1. Which net charge results for the neighbourhood of I467, defined as the other residues with beta-carbon distances under 12 angstrom from its beta-carbon, given Lys and Arg at +1 and Asp and Glu at -1?
2. Probe radius 1.4 Å, ligands and nucleic acids left out: which of F277, F85, F123 has the largest accessible area, and how do the rest follow?
3. Roughly how many debye, to the nearest 20, is the charge dipole of the range 387-445 about its Cα centre, given +1 on each Lys and Arg Cβ, -1 on each Asp and Glu Cβ, and no other charges?
4. May I ask you to derive the FRET efficiency for D135 and L314 from their Cβ-Cβ distance with R0 = 22 Å, giving the value to the nearest 0.05?
5. With +1 on each Lys and Arg Cβ and -1 on each Asp and Glu Cβ, how big is the dipole of the range 148-237 about its Cα centre, in debye rounded to the nearest 20?
6. Convert each backbone phi in the range 124-136 into a coupling constant with the Karplus relation 6.51 cos²θ - 1.76 cosθ + 1.60 (shift: θ = phi - 60°), then list the ³J(HN,Hα) values in order as whole Hz, x for Gly and Pro.
7. Rg(Cα) of the range 118-262 divided by 2.2 N^0.38 Å?
8. To the nearest 0.05, how large is the calculated FRET efficiency for E193 and D443 if R₀ is 25 Å and r is the Cβ-Cβ distance?
Amino acid sequence: MTVSDENENTENNEKIKSACTEFDRNKTKPLHETKRNIFSLKLFEVLPSKSELKQYSGVILCGVTLWGASWFIFQDAVLPGAAIFNMAGIVTVAYIFGHTLERYTTISAMAGMTLVGVLYRNFGQSDLLESPIADAIDYHLRRVYPVIILTKGPLGWNWPYIKNNSVKVFLLATLPWIVECLSTAFFTHVLLEYPWYWGLHLGAILSSVSPAVVVPTVMAFSAKGFGNKNKIALLVANAGGLDTAFTEGMFGVINSAIFYPSPPTYRIIKACLAIFFGIGLGVAWGILSDILPDQKDPYAATVRSILIFTGGFLLSYAAGFLGWGGTSGVAVMVCAATAATRWSKRDWPINNNPVATVYNVLWLIFEPMLFTLSGYYLEVSQITLKEFGLIVACIVLALLLRLITAFLVALANRLTVKESLFIAVTWIPKAIVEAVLVRVATDSLWKEGVSVQDKKIATQQANIIVIAILFMTTLGSGLTTILGPILLSQESKIRDSEFHRTSSISPTQPYDITRRKNTTTSVHFIDSL
């Protein structure tokens, strides 16, 4: 071999080595880039999107401007350190904390907001409700919440599904409720020595299911093909909504029968007629909200939204004043359902009409107020360790009987064992109705002749309700998210038109349970009072 050949071989070897090195470099480069891309994607998933930041900023700005305007009405009461300023401050903090907690965990934003209220009550430097103005604001807001919540849900009910599955939906909405209500009355009588009427009163509140907590997650599962064979998402949403309607009617009757001073005969007659009277009023007002204004009127959505709200607001005060509890809530729900059904025949989709969008926005604003100020009613200093144990025992034992009932009802209606278990899990959360009614016991006490025991029970009832919200909402939302893929079989995806979409401000935006949107606004089918 000549020297020139050796040099050529050496040169070729160098080229080969260089090519191999370049190949290795090109081979490893995508791996590093892939890792960086994966990290970037994960980081992007947990950070708020630009759209969400704008939404949050808009809501907060609404609060700031409202606070600024309120100075001209309340003046010193809204300055830093005053009651209204502190109230607005903790609501803002709760809004941010609740939705941040929901984004990074499986815990509902409602539980986070309630927790902020609890912490401020027990560690804050002032008592908000000692201020007559702050107390009056909270009291009257609790007349507004039910109107928004009870209107919001029925605007999206799937009436064809309810009609075709009426037995299954009705039984699931009522039997677990009845069992838990009676069980709560029994356990509070035995363990906490409540009179029977107080136990029924508390049971009627705690027996309400809160589909708003779990429906967004269940809908996300449905969109991915889980539980579509037996339409679990539709069942949870609509049965939960009817459970709320049942709660509203029954609690109103029980509350007015106990606390409204009137002859026994009148109470019995009123109890029998309250729900039917509410249905009649609701149908009439719903038809009116369809007729006025004309469907093609450019302001139809705005006028109809206001018409339904003002009618419900009037009924809320009038029914409370006259002692016809349950009438207003039933009327509001029936009105919204009637109107939505009639609108659907005039090119407004039953699960996505313009009025529903208005109420989604309203709920986004009022939700943090409701849960933060409701959490404020838990006074830890008033509860001994023994009493806390007995309270938890009452809640858990009654809930277990409820879940067993829900499981058996689902099983009897030809759902699989796993699907029935999942239905039972979705019946755990307690949130909207409980939050709205947290102070109703103390507000309903007779003005004169109230015993020390009644005052103690009324205060203790508020503590029980807040404890139930914190524990059951957290447990229910977590178990639903974790157990959904395990208990539900995965079928092909179904069309959006086959199920009720969650009520969100951006209904066309997909929901991803790995990046929880602000979809607790789906309060929806709702839950509420």
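The values are calculated or read from the model by the stated rules, or taken from the named source; none is laboratory data. These numbers were taken from a predicted model, which means no experiment stands behind them. Cβ sites come from the backbone with ideal geometry, for glycine too, and all protein chains shown count toward neighbours. Ligands, DNA and RNA are excluded from the accessible area calculation, which covers all protein heavy atoms including side chains. Shrake-Rupley method; radii C 1.70, N 1.55, O 1.52, S 1.80 Å.
1. Values: positive: K430; negative: E379, E387, E434.
Net charge around I467: -2.
2. Numbers: F277 110, F85 70, F123 165 Å².
In descending accessible area the options line up as F123, F277, F85.
3. On the way: 5 positive and 4 negative charges, 49 e Å.
With only Lys, Arg, Asp and Glu charged at Cβ, the dipole is about 240 debye.
4. On the way: r = 23 Å, r/R0 = 1.04.
Once rounded, the FRET efficiency stands at 0.45.
5. On the way: 6 positive and 2 negative charges, 119 e Å.
The dipole magnitude comes to about 580 debye.
6. x, 8, 9, 9, 4, 7, 6, 7, x, 5, 5, 5, 5
7. In units of the 2.2 N^0.38 Å rule of thumb, it is 1.29.
8. On the way: r = 23 Å, r/R0 = 0.93.
Computed FRET efficiency for E193 and D443 comes out at 0.60.
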